[in-house]
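Worksheet: the structure to be examined is printed underneath.
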Amino acid sequence: MKVLYITNKDDKYGGAQCLMELMDSIREYDDIEVVLLNPEKNNFNSWCSERKIENYSIKYCGQMYCKHNGGIVFRIKYLSYFFRYFLLNPFAIRKIEKTIDIKSFNLIHTNTSTVDIGMILAKRNGIKHVWHLREFGKEDMHFIPFRTECYARMNRDGGNFIAISEVIKKAWIKKGINEEKITRLYDGVKADSISRNEEPFNEDKIKIAFCGSITSFKDQEQLIRAFGLLPDEDKRAFKVDFWGNGNPEYMKHLLDLINQNHMESIFTFKGYSNNLYQELSHYDIGMNCSHSEAFGRVTAEYMLAGLLTVASDTGANVELIQHEKTGLIFKKSDDQSLKKCLSWILKNKIKCVELAANGAVFARKNYAIEKNIEQFYTFYEDVLKDDKRRR
């Protein structure tokens, strides 16, 4: 079985790390050969070359544009990408077909809904196509399709679809993708690469890790506001580290809020780390306040690291965590709800250790790539056999 994986420019929204781990794991099957195609040579190509994975970079454009801003800047950028999509891609398709022996592949796997060139190549060459739905689209990343019939076209010609959570599956069914064509397969995380905290809640201060880009979507602000509601003595029982880079204006806003509430000794911005899987083992709690996670990879990472995972009741969080069994869930729109979670943790450390242990066991069973790679392999086999069975 030979599989061509297709990504977008930098796979910021397509889950580059998830795809790397998928490719690295599934090629351990003797009968699978993996190849990468992306529109710009980057670290993903270097990663492939280091592992002797065949890879190509041929410039093409996605079928959607992410609206970061409004006004004249947005209009100019939108039109620029619009014309590139319609004018550049036909040439890109022909160049790809001249460079790569497309007909030698059994399957084309497109790693993000923002790129449709895999679907086109599959249709032109009579190859099975799999579309990995990793994002809501308009609802979370503000993607605007260039074609008015984008979703109808995906449903008609897209082949088979993988949704990374039930909430993503439901969102794309609403967009018009036939439910029978979508299989829910959770992303896998390399569990064996994550160091585990074997003795959480064993020190004087409770240490919280909040990982992810520093953006309003991740909503670090809600945690700061919730801390502002705690009595001073309770605040001082915690230490919070934010891991990740992000929007400078939003970060300044967070720092101002921290200073206004005299909580400088509680919160620290640690920046980006290449060693986060090892850093997590030094914490007791993993925090996720996102507005709507498509899957919540960081949530699974917290659980695998043996942390008590505390997350908002939005997106896929409620799929990954069972409240008061494998973690804690709070109401996204309610700062008091998160404050109550923090207060409960202070009074129930022994129970917190139990929840963290339960979460680690549950995550290893359900979100470890060492387990779910078998599901991907079976899915590929079913697609190639035209098996209509769906999970």
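The values are calculated or read from the model by the stated rules, or taken from the named source; none is laboratory data. This is a predicted model, so every value here is computed, not measured. Counting neighbours? That spans all protein chains shown, and the Cβs are built from the backbone with ideal geometry, glycine included. Surface areas here come from the heavy atoms of the whole protein model, side chains and all, with no ligands, DNA or RNA. Shrake-Rupley method; radii C 1.70, N 1.55, O 1.52, S 1.80 Å.
The loop-placed GluC sites (Glu not before Pro) in the range 283-357, going by DSSP, that have at most 15 neighbouring Cβ atoms within 10 Å of their Cβ come out as E324.
A 1.4 Å probe run over the chain, with the rest of the protein chains in place, finds 45 Å² accessible per residue. Taking a ≥ b ≥ c as the square roots of the Cα gyration tensor eigenvalues, with a/c under 1.5 meaning rounded and otherwise prolate when a/b beats b/c, else oblate, which class fits the range 69-174? Here the range 69-174 falls in the oblate category. For the chain, the longest principal axis of the Cα atoms and the long axis of helix 335-347 meet at an angle of about 60 degrees.
The label point for R196 and the one for K52, both projected 7 Å from the Cα toward the Cβ, are 3.3 nm apart. Label zone of E324 (point 7 Å out along Cα→Cβ, amide N under 16 Å): in the range 361-387 this covers no residue at all. Per atom type, the chain shows carbon and sulfur on 49% of its accessible surface, probed at 1.4 Å.
Take Y85: with every protein chain present and a 1.4 Å probe, its accessible area is about 10 Å².
Pairs of Cα atoms nearer than 8 Å and 6+ residues apart set the relative contact order; for the chain it is 15 percent.
At 222 nm, what value in deg cm²/dmol follows for the chain if DSSP H runs of at least 4 each add -39500 (n - 2.57) and the sum is divided by all its residues, to the nearest 500?
Values: 16 runs with 168 residues, N = 391.
The helix-only estimate for the chain comes to -13000 deg cm²/dmol at 222 nm.
In this view, the solvent-accessible surface of T99, computed with a 1.4 Å probe and all protein chains in place, comes to about 70 Å².
Counting only heavy atoms of the protein chains and using a 1.4 Å probe, W344 has close to 70 Å² of accessible surface. Each residue of the range 1-149 gets 111 Å³ once the volume of the Cα convex hull is shared out per residue. For K371, the lysines whose Cα falls under 17 Å of its own Cα, not counting residues fewer than eight places away in the same chain, are K190. On the basis of the beta-carbon distance and an R0 of 41 Å, K67 and K385 show a calculated FRET efficiency of 0.50. DSSP beta bridges confined to the chain are antiparallel in about 5 percent of cases.
Which of the pairs K103/K170; K169/K207; K123/K175; K207/K347 have their Cα atoms more than 25 Å apart in this structure? Beyond 25 Å between Cα atoms: K103/K170; K169/K207. Maximal additional length on extending the E370-N348 stretch stands at 4.6 nm, based on 0.36 nm per residue less the C-alpha distance.
Net length available on complete extension from E203 to K270 is 22.1 nm, with 0.36 nm assigned per residue and the Cα-Cα distance removed. With a simple spin-label model that places each label point 7 Å from the Cα along the Cα-to-Cβ direction, the separation between H282 and T378 comes to 4.1 nm. Computed from Cα atoms, the angle from the helix 71-99 axis to the main principal axis of the chain rounds to 50 degrees. The range 100-157 has equivalent-ellipsoid semi-axes of 23, 12, 9 Å, by the square roots of 5 times the alpha carbon gyration tensor eigenvalues, sorted largest first.
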